[in-house]
Amino acid sequence: MDVKKLPAKAITTIGIGSVYPIYFPESIEELKSILKSEKVYILGGGSNTVLPERIESKLVSLKKFKKVEIKKNSIVLGAGVSLPEVLKLQIKEKFSLFEFLAGIPKATVGGLVAQNAGAFGKEIKDFLVEISFLDVNTLEVVILKDFTEFSYRKSPFPGKGVVLQAEFRIKRDRNVKEQIEHYVALRLSKQPPFYLQTAGSTFKNPHEGSAGRLLDLAGLKGFRIGGVKFSEVHANFCVNEGGSFEEFKELISTAKMKVKKKFNVELELEVKIPD
Ligand SMILES: Cc1cc2nc3c(=O)[nH]c(=O)nc-3n(C[C@H](O)[C@H](O)[C@H](O)COP(=O)(O)OP(=O)(O)OC[C@H]3O[C@@H](n4cnc5c(N)ncnc54)[C@H](O)[C@@H]3O)c2cc1C
């Protein structure tokens, strides 16, 4: 199995952290062998992950799970296929699927399913036909066709297991390229530019409304601790400008405290932090 030492910048979009060995299993058997003996954090594109400088878990990437099979009304995608790869394929084969997520850098199919990613009123679960995953307890491959455990930015994964591949419903669409361009423009009009180092939304939206709005009203737009700050464009985006994990932690606990004090609302992290 390939093991590479890679810096946080190469494996997460926010780029906070140190250098880590990353395991790249090529088969289900290799994946099983790691899961049997180790505490593992499955790393997708790292676009919703913030890494502490030191972690106990082994970082495992499914980058080599690259299956792509287009059927009449659906597509099967391996967990390691990236969002940009799917969007390119959508343009080439003219079908609609993930255009509402266009502009998110580096995310993978595994991470999109696990986070039930969504935007502009749509989410991954709306498109799912079935998920094939490796059950962490039995180490058997299981097929999931019931998605009732999915909700806003929530799925049973990675708790239940490692997503190996998923089948999604697709529709033919001759204008998908224009749709992708439309969503990229829409995203850029609301969010910080793509070249900044962020992990997307830091907190989930609470029942009381938009986390970004509450953070803004609590005075956190542009608020900085060391090399990490909340964006001036959208207060829920944390921007890394050479900061450390300790600074990131302090920034989020300050934000939680200020929002709790002003609105009596408990913000919940959307980004994932491995142990
Ligand atoms: C600029 C920017 C904009 C963003 N905008 C949005 C948005 O509009 N909507 C939205 O929902 N998200 C958004 N995000 C967040 C992020 O892209 C999504 O959460 C995405 O689904 C994460 O995918 P990933 O592959 O990068 O996952 P990672 O960050 O690598 O992992 C996230 C979680 O998924 C788990 N996971 C990854 N792969 C697997 C697998 N194969 N099996 C089981 N568990 C797995 C990880 O263990 C972790 O718990 C944005 C991020 C950025 C940087």
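Note on ILE91, ILE104, ILE55: ascending count of other Cβ atoms within 10 Å places them as ILE91, ILE55, ILE104, the fewest first.
Across the range 68-177, the mean sequence separation of Cα contacts (distance under 8 Å, 6 or more residues apart), normalised by length, yields a relative contact order of 37 percent. Under a model in which nothing but the beta-carbon of Lys, Arg (+1) and Asp, Glu (-1) is charged, the chain shows a dipole of about 500 debye around its Cα centre. The length gained on full extension between HIS207 and SER151, counted as 0.36 nm times the residue separation minus their Cα-Cα distance, comes to 18.8 nm. Considering only PHE245, VAL259, ASN175, the residue lying farthest towards the positive end of the dipole of the chain is ASN175, judged by Cα position with unit charges set on Cβ. Remark: the range 68-177 carries a charge dipole of roughly 560 debye about the Cα centre, counting +1 on each Lys and Arg Cβ and -1 on each Asp and Glu Cβ. The Kirkwood hydrodynamic radius of the range 210-265, based on inverse pair distances between different Cα atoms, is 10.9 Å.
Summing +1 for each Lys or Arg and -1 for each Asp or Glu among the other residues whose beta-carbon sits under 9 angstrom from that of PRO21 gives +3.
Semi-axes of the equivalent ellipsoid for the range 68-177, computed as √(5λ) from the eigenvalues of its C-alpha gyration tensor and ordered from largest down, come to 23, 15, 12 Å.
Dividing the summed -39500 (n - 2.57) terms of all DSSP H runs of n ≥ 4 by the residue count of the chain sets its mean residue ellipticity at 222 nm at -8000 deg cm²/dmol.
Here VAL19 and LYS260 are evaluated by their C-beta separation; at R0 = 45 Å the FRET efficiency comes out at 0.80.
Neighbours of GLU99 by Cβ distance under 15 Å: Lys/Arg scored +1, Asp/Glu scored -1, total +3. Fewest-first ordering of TYR195, TYR41 by other beta carbons within 10 Å of each residue's beta carbon gives TYR195, TYR41.
Based on Cα contacts under 8 Å between residues 6+ apart, the chain shows a relative contact order of 19 percent. Taking θ as phi - 60° and the Karplus parameters 6.51, -1.76 and 1.60, the scalar couplings of the range 8-20 work out to 3, 4, 7, 10, 9, 6, 7, x, 7, x, 10, 10, 9 Hz in sequence order, x denoting glycine and proline. Which log10 I(q)/I(0) values, to two decimals, does the range 1-129 give at q = 0.09, 0.15, 0.21, 0.22 Å⁻¹ under the Debye formula with one point per Cα? With no solvent term, the Cα-only Debye profile gives -0.28, -0.75, -1.27, -1.34. If both residues of a DSSP beta bridge must be in the chain, then about 85% of such bridges are antiparallel. With all projection directions averaged, the alpha carbon convex hull of the chain covers 14.1 nm². Distances between placed amide hydrogens fall under 5 Å for SER96 paired with LYS171, ARG172, ASP173, all partners being 5 or more residues away or on another chain.
Residue exposure proxy: VAL19, VAL129, ordered by other Cβ atoms within 10 angstrom of their Cβ from fewest to most, comes out as VAL19, VAL129.
Here is the size of the range 2-61 from its Cα atoms: Rg then Dmax, 11.2, 31 Å.
Among GLY121, GLY111, GLY46, the largest mean-square fluctuation in a Gaussian network model of the chain (Cα springs under 10 Å) belongs to GLY121. For the range 158-275, the alpha carbon positions stretch 49, 36, 32 Å along the principal axes, listed from largest to smallest.
Taking the Cα centre of each part, how many Å lie between the range 217-242 and the range 23-59? Spelled out, the Cα-based centre of one part sits 29 Å from the other.
Please identify every one of the GluC sites (Glu not before Pro) in the range 1-80 that sits in a loop by DSSP and has no more than 16 other beta carbons within 10 Å of its own beta carbon.
Passing sites in the range 1-80 are GLU26, GLU38, GLU53, GLU56.
Gain in length, ASP126 to ARG169, computed as 0.36 nm per residue apart minus the alpha-carbon separation, to one decimal in nm?
14.6 nm
Annotation: amide H-H contacts under 5 Å for GLY161 (H modelled 1.01 Å from N, sequence separation of 5 or more, or interchain): VAL136.
Only the coordinates and a few stated rules stand behind these numbers; no lab work does. Quantities reported herein were computed from a predicted structural model and do not represent experimental measurements. With ideal geometry, Cβ positions are generated from the backbone for all residues, glycine too; neighbour counts draw on all protein chains shown.
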